[in-house]
Amino acid sequence: MWKLVRAMRRVRVGAVGTGGIFQNAHLPAYPDIWEAQLVALCDVSEEALRRAGREMGAIYNERIRRAEEEGDVESTERLRDDLKGVGTYTGVTEMLSKEEIDLLDICTPTKFHDAVAIGALNAGVHVMVEKPMARTYLECLDVVEAVEDSGKLYQHNENYLYLSTWYNARKFIESGVIGEVQFMFLAAAHGGMESAAWFWDPAISGGGSLLDMGVHPITTSWFLSGFERRPTLVKAAEPHGICTRMRTRILKGRFQGVVVEDDAHILVRYEDAETGAWSTAHIEGSWSHRDSPATVIIGTDGRMEPVVEEGRDFLKITGPDGGTRRIPLDTAHFASSFKASFPREIRNMCNCVVEKVKPISNEKIGAETTAIVGAAYLSQKMGKKAVSLDEFKEYALKIREREGKRAPDILLKELLKGIQR
């Protein structure tokens, strides 16, 4: 059987940036994705490359051992073949010139997302990039242009779309079980990435918790509202807005003052141009732990919320009469764990490459998500005044017209001036 599988189309993948998100989330996914063959690793740090190589060997050998115990000959042969001769490189250009790569998996710090993606697209390689798409909306526009010019595919990697909770919530919304979506509270929050100092340097990260964590519920709220609706209006939400609450952290082994936000509460409005329908999302993106209301999606005919009961995940649906349904999410066929979302995300892109189909979360979704973040920063700077996406884009494009190549850095500095400390 493995001979037949080998004759079928598999996507040859190169990974750039072999740090935390790659080793902890992407790398463990590849052995479970027969459509993908990870053929090369690239990182500017030779030590990071060595760690990734060791980790890849450990993960694949453990999967081989498990497959052997289960008598799964096909998987055993595939994994052994995949582990042979994986190339390692400290430069992307060299890797692309020496390896036959179909798809580049970009997991670098945010500052390098746009340049690496554009270089790969121009070299005729499909691309998927970890969120956020780039530091600024202007950098996203350069990537969008490269996608259009190259004719290659781009996936904005938002793994939340593949979490069982949101995948199933969208299916039930489409079924009409809660009527027309009107409002939702969504949040992504934890205590902060203090082990990786670059997250706190806006020149590299592009911002703080809103750009890192907030993009998860932003894209997810749009997905739940329906991608046919468009983001139109953004507001830094009273009373917290975008702020720094825990102002001193240990970064690089010493106490330092924080220069980016560690908490953000924003409102986003999505509208359907054809029907006039709209929905509003309250988003929290935090590195100072969650303090927004509980997650809920409210429709004209009911509400939906994720709940945990006796250690199991459910989607609770409440009708207008108060009756409830509980949909189990931890089924054997669709595990609800966070890590289970990454194999689905990567598999989706591989199948898009094979079938030549644009991913659901494409370059325009990524660019608009970043525009929402930019509009939220601008709203905060303007005293939490609501800002339309068109208003923000005009603001950003004027800076590009005036500043040229310096524009992304100028835009970034201007937007972050409004953060409350």
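Can you find even one residue in region 190-211 that is touching a Ser or Thr at 6+ places or on another chain (Cβ under 8 Å), hydroxyl-bearing (Ser, Thr, Tyr) and within 29 Å of Val357 (Cβ to Cβ)?
Within region 190-211 (the criterion being touching a Ser or Thr at 6+ places or on another chain (Cβ under 8 Å), hydroxyl-bearing (Ser, Thr, Tyr) and within 29 Å of Val357 (Cβ to Cβ)), the answer is no, since none of the residues qualifies.
Run down Lys413, Lys393 and say which single residue is surrounded by fewer than 22 Cβ atoms within 10 Å (Cβ to Cβ), in contact with a helix residue (DSSP H, G or I) (Cβ under 7 Å, 6 or more places away or on another chain) and not β-branched (Val, Ile, Thr).
None of the other options fit; the residue is Lys393.
With respect to Ser361, determine if the residue is within 24 Å of the chain's Cα centre (by Cα), within 29 Å of Val181 (Cβ to Cβ) and at pLDDT 95 or above.
Considered against the rule, which asks whether it is within 24 Å of the chain's Cα centre (by Cα), within 29 Å of Val181 (Cβ to Cβ) and at pLDDT 95 or above, Ser361 comes out as yes.
For region 339-364, name all the residues that are assigned to a helix (DSSP H, G or I) and under 19 Å from Ile21 (Cβ atoms).
Ser341, Phe342, Pro343, Arg344, Glu345, Ile346, Arg347, Asn348, Met349, Cys350
Output the residue which, of all residues in region 136-166 that are over 16 Å from Asn348 (Cβ atoms) and of a type in the set (S, T, N, Q), is surrounded by the fewest Cβ atoms within 10 Å (Cβ to Cβ).
Only one residue fits best here, namely Ser150.
Output the number of the condition that Asp262 fails; it satisfies all remaining conditions of (1) surrounded by fewer than 15 Cβ atoms within 10 Å (Cβ to Cβ); (2) under 13 Å from Leu210 (Cβ atoms).
(1)
Restricting attention to region 1-20, report how many residues are modelled with pLDDT of 95 or more and open to solvent by 40 Å² or more (accessible area, probe 1.4 Å).
1
Can you confirm whether Glu238 is open to solvent by less than 10 Å² (accessible area, probe 1.4 Å) and either of a type outside the set (Val, Ile, Thr) or not in a loop (DSSP other than H, G, I, E, B) (or both)?
Numbers: open to solvent by less than 10 Å² (accessible area, probe 1.4 Å): no; either of a type outside the set (Val, Ile, Thr) or not in a loop (DSSP other than H, G, I, E, B) (or both): yes.
It is false that Glu238 is open to solvent by less than 10 Å² (accessible area, probe 1.4 Å) and either of a type outside the set (Val, Ile, Thr) or not in a loop (DSSP other than H, G, I, E, B) (or both).
When the residues of region 235-286 are filtered to those that are touching a strand residue (DSSP E or B) at 6+ places or on another chain (Cβ under 9 Å) and acidic (Asp, Glu), which remaining residue is farthest from Gly192 (Cα to Cα)?
Once the filter is applied, the top-ranked residue is Asp272.
With respect to Glu55, is the statement that it is under 22 Å from Arg347 (Cβ atoms) and exposed (fewer than 14 other Cβ atoms within 10 Å of the Cβ) true? Full working, then the answer.
Working: under 22 Å from Arg347 (Cβ atoms): yes; exposed (fewer than 14 other Cβ atoms within 10 Å of the Cβ): no.
No: the conditions fail for Glu55.
In region 111-121, which residue that is in contact with a Lys or Arg (Cβ under 9 Å, 6 or more places away or on another chain) and open to solvent by 10 Å² or more (accessible area, probe 1.4 Å) is farthest from Val357 (Cα to Cα)?
Lys111
So which residues in region 71-108 are small (Gly, Ala, Ser) and in contact with a helix residue (DSSP H, G or I) (Cβ under 8 Å, 6 or more places away or on another chain), if there are any at all?
Ser75, Gly87
Considering only region 272-308, how many residues are outside any strand (DSSP E or B), touching a residue at least 60 places away in the same chain (Cβ under 8 Å) and within 24 Å of Lys171 (Cα to Cα)?
Total meeting the criteria: 6.
Filter region 167-224 for residues that are of a type in the set (Asp, Glu), open to solvent by 30 Å² or more (accessible area, probe 1.4 Å) and not in a loop (DSSP other than H, G, I, E, B) and give the result.
Here is the first cut: in region 167-224, the ones of a type in the set (Asp, Glu) are 174, 180, 194, 201, 212.
Filter once more, so that each one left must be open to solvent by 30 Å² or more (accessible area, probe 1.4 Å): 174, 180, 194, 201.
Listed by number, the list holds a single entry, Glu174.
Among the residues of region 159-175, is there at least one that is closer than 25 Å to Lys339 by Cα and free of Cβ contacts under 8 Å to residues at least 12 places away in the same chain?
yes
The values are calculated or read from the model by the stated rules, or taken from the named source; none is laboratory data. Since the structure is predicted, the reported quantities are computational estimates derived from the model, not experimental observations. Reconstructed Cβ throughout: ideal geometry from the backbone, glycine too, with neighbour counts over all protein chains shown. Surface areas here come from the heavy atoms of the whole protein model, side chains and all, with no ligands, DNA or RNA. Shrake-Rupley method; radii C 1.70, N 1.55, O 1.52, S 1.80 Å.
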